[in-house]
There are 2 protein chains.
Amino acid sequence: MNDNSENKHREVSDMKIKEIGEKGIIEIFQTRFQGFSFDMSNVLLGIQTATGIHEDCAVIDLRNDLFLVITTDLIGARTHKPPGMNDYQFGKKAITVNVSDLAAMGARPTCLVMSVGFPEEFDSRIVEEIAEGMADACRSYQVPVVGGDVNSTDDIILAGTAIGLVPADQLLTRHSARTGDLVAVTGTLGDPALYLKILLEKHSISNENRQALAKRLFEPEARIKVGKDLAEAKILTSCADITDGLGWELHKIAVASKIGILVEEEKIPTSDAFKQICKLQRIQQLPLILYVGEDFELLMTIPPEHLEDAKKICSTRGIPLTVIGSVKGEPGEVLIKKIDGNIEPVKKKGYDQFVESKENKKQG
Amino acid sequence: MNDNSENKHREVSDMKIKEIGEKGIIEIFQTRFQGFSFDMSNVLLGIQTATGIHEDCAVIDLRNDLFLVITTDLIGARTHKPPGMNDYQFGKKAITVNVSDLAAMGARPTCLVMSVGFPEEFDSRIVEEIAEGMADACRSYQVPVVGGDVNSTDDIILAGTAIGLVPADQLLTRHSARTGDLVAVTGTLGDPALYLKILLEKHSISNENRQALAKRLFEPEARIKVGKDLAEAKILTSCADITDGLGWELHKIAVASKIGILVEEEKIPTSDAFKQICKLQRIQQLPLILYVGEDFELLMTIPPEHLEDAKKICSTRGIPLTVIGSVKGEPGEVLIKKIDGNIEPVKKKGYDQFVESKENKKQG
């Protein structure tokens, strides 16, 4: 989403959808879905709750210390299927984007439902490949698709809803980070964004690097197991998945938790392929990491005394955990210490499908 | 869905999506989503269970005698917004189609999530009207939309998921009808189908009739309260909502419950406007009632000894309940006694968005 506050001076109704953007659309729904007079006391986090608006999942209190965690994500071929991604991978992605949101809340996925749409002139083989990709993702996350709906649409549309459960005391959110916490991420960042840039700008790279990067962009994995393990250990103060860029996610935690964050460029983990290609092709690393996303890694805040436990949990799953900064500074402020020593603000921007700009070029 | 079994002789992969139709697509997903090796013992009804495939909702056992009921329905403007329906009504419908499936299972709706897509060149006023329609439907059913996702799509896409809860002993399904039960429906049938025909074929009707019928097609109401009341009374043996035509729903119950059904044409309740217009314009009533749908009424089977209780429950809510036939005959066979006394089979056909035919002309 982009901060398009200058638009606020015009009457929203007179504007095109691309002018109000994702943020404007969300604001319209948020306003309308507030102030219902019926009992909503079981809605712990939702679009209408002060803390819920910062989360990717809604949370319903089922009583007995059990929370229902629900998320929905729609992907369309035109906007979410980068050039080179096949139908099998697109089906897999439809499951991953939904399950990843559960992972970030510490929830154990219970099931998914999928509403799908296909253009009628397309080959039915496409349906088979998408279904196969979805099924393989189900196997990988050990969560079944239990229902769905089938429609005729102009573009391939895969709208999923993932439902999970989490014990009340294990729920992870964006709004409980505290000053003094460490900021850490799983895995490495930037590979999918870099490969997208390479595809769009037709950079030439080695076959080996191409394979490594393509896998990250085309078959991302949700960190569902390690998310659940970390939630069970009750050692994190906040958590999010990095699908819209590290910068965007840092800002969301800073706003939700009313804290400041300082990260250090040199500490941000990247793959060897990423480092090599960026150096060779003179590509700036930081914009890819901060403002593009598609990483599906977990970003979290950890009280320093729990860092070793968190690292152990991640390493048991074979996943590196890297401290990239700490919670400090003015509430809502996100800063980055560059490699040259300068400290700069991280822009509050991410990907908005509706807003076209050079910096906003992404499909995914 | 249409029965296009003649297609089975060709290799599915060589066919266009419109050739395999809705049924073919569902079969592909059903096959792929079966045989997972992980624990799925909590999935009571789902696309992969023998009885679940007949239902519009999946059912998850949460233990403690509580079932989670989940349904998803996607509507697109091109296929589901009939000429004359406004954006507000389209938003309302997106909630109703989902909530209606919960009503048929006797579940109390807990919340909804909505993944929506809009073409970027459209006026943002459309978003406001759709959101307002959704919000009014939420008020009417007393269920909140708690989350969602926003996307850029080629057509307006509203993909909803409704989640409800039902005590284990109150769940209504299609698979427990028994020989000797009565078959009954709430309200009147055929109005939405008739109005659709009038719109498409440009019949002229009185303003009064137009208003009455338009309301039924453009602002249908899910029978959520009476569905819950009937479920709580534990007097029904099966239940379904009539969204794809009475004929289609009768067949689904007959197949799921392995029973036969005989209904009588003269007993099927229709509105005064319906009777009047069909007579004046010489429109055949039965095809509209059996093979089009969009009624959003409940179809149910009731042991004769519980009929009076069921009628009382419905009348408390101001809703007529009419017995239209009984459970008898060969398993899977659905017959109708016409007004002329002849008994004919009810065709196993309903609406398939992917299959073009004269009899299949519907938008909704």
Query raised in the report: Limited to the range A:40-79, what total is found for residues that are more than 7 Å from chain B (Cβ to nearest Cβ) and among the hydroxyl-bearing types (Ser, Thr, Tyr)?
Result: 3
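Residue-by-condition table, conditions (1) part of a loop (DSSP other than H, G, I, E, B); (2) over 14 Å from B:ARG317 (Cα atoms):
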| residue | (1), (2) |
| --- | --- |
| B:LYS225 | no, no |
| B:ASP229 | no, no |
| B:VAL255 | no, yes |
| B:ILE259 | yes, yes |
Report summary line: Residue count, the range B:133-152, condition facing another protein chain (nearest Cβ under 7 Å) and touching a Lys or Arg at 6+ places or on another chain (Cβ under 6 Å), comes to 1
Query raised in the report: If you take the residues of the range A:168-186 that are surrounded by fewer than 22 Cβ atoms within 10 Å (Cβ to Cβ) and small (Gly, Ala, Ser), which of them is farthest from A:GLY329 (Cα to Cα)?
Result: A:ALA168
Requested in this report: Check B:ASN64 against each of (1) in a loop (DSSP other than H, G, I, E, B); (2) farther than 30 Å from B:LYS202 by Cα; (3) in contact with a helix residue (DSSP H, G or I) (Cβ under 7 Å, 6 or more places away or on another chain) and name the one condition it does not meet.
Outcome: (3)
Requested in this report: Tell me, please, whether a residue that is of a type in the set (D, E, K, R), more than 16 Å from the chain's Cα centre (by Cα) and more than 27 Å from B:LEU45 (Cα to Cα) can be found in the range A:96-117.
Outcome: no
Query raised in the report: So which strands (runs of 3 or more DSSP E) stay within the range B:96-204 end to end and still have 1 or more residues that are of a type in the set (A, V, I, L, M) and without any contact (Cβ under 8 Å) to a residue 40 or more places away in the chain?
Result: B:145-152
Query - Enumeration of residues in the range B:231-253 that are small (Gly, Ala, Ser) and part of a loop (DSSP other than H, G, I, E, B) - result: B:GLY245
**Report entry** Restricting the range A:205-223 to residues that are of a type in the set (Lys, Arg) and part of a helix (DSSP H, G or I), the residue that is farthest from A:GLY91 (Cα to Cα)
**Finding:** A:ARG210
**Report entry** Test for A:ALA107: is it away from chain B (no Cβ under 12 Å), at pLDDT below 95 and closer than 25 Å to A:MET300 by Cβ
**Finding:** no
Query raised in the report: Only one of A:SER315, A:SER326 is farther than 22 Å from A:PHE218 by Cβ and assigned to a strand (DSSP E or B); which?
Result: A:SER326
Query - Residue count, the range A:140-167 (criterion: surrounded by fewer than 20 Cβ atoms within 10 Å (Cβ to Cβ) and among the polar types (S, T, N, Q)) - result: 2
Report summary line: Only one of A:ALA58, A:ALA94, A:ALA104, A:ALA50 is surrounded by fewer than 22 Cβ atoms within 10 Å (Cβ to Cβ) and of a type outside the set (D, E, K, R), namely A:ALA50
Query raised in the report: Which one of these is out of contact with any Gly (no Cβ under 9 Å at 6 or more places or on another chain), within 30 Å of A:CYS278 (Cβ to Cβ), at pLDDT 95 or above and among the small types (Gly, Ala, Ser): A:ALA193, A:ALA162, A:ALA177?
Result: A:ALA177
Report summary line: Among the residues of the range A:80-91, the number that are within 12 Å of chain B (Cβ to nearest Cβ) and within 22 Å of B:THR161 (Cα to Cα) is 2
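Every residue, every condition in (1) more than 26 Å from B:ALA94 (Cα to Cα); (2) under 18 Å from the mean Cα position of the chain (by Cα), yes or no:
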site: B:GLU232; (1), (2): yes, no
site: B:ASP241; (1), (2): no, yes
site: B:VAL255; (1), (2): yes, yes
site: B:LYS258; (1), (2): yes, no
site: B:LYS279; (1), (2): yes, no
Query raised in the report: Quick one: which of A:GLY133, A:GLY117, A:GLY147 is small (Gly, Ala, Ser) and touching a helix residue (DSSP H, G or I) at 6+ places or on another chain (Cβ under 7 Å)?
Result: A:GLY133
Query raised in the report: Would it be correct to say that A:GLU22 is under 24 Å from the mean Cα position of the chain (by Cα), within 30 Å of B:PRO119 (Cβ to Cβ), among the acidic types (Asp, Glu) and at the interface with chain B (Cβ under 9 Å from one of its Cβ atoms)?
Result: yes
Requested in this report: Could you please give the count of residues in the range B:309-352 that are without any contact (Cβ under 8 Å) to a residue 40 or more places away in the chain and touching a strand residue (DSSP E or B) at 6+ places or on another chain (Cβ under 8 Å)?
Outcome: 4
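The values are calculated or read from the model by the stated rules, or taken from the named source; none is laboratory data. Just so you know, these numbers come straight off a predicted model, no measurement behind them. Glycine also receives a Cβ, built like all others from the backbone with ideal geometry; neighbour counts cover every protein chain displayed.
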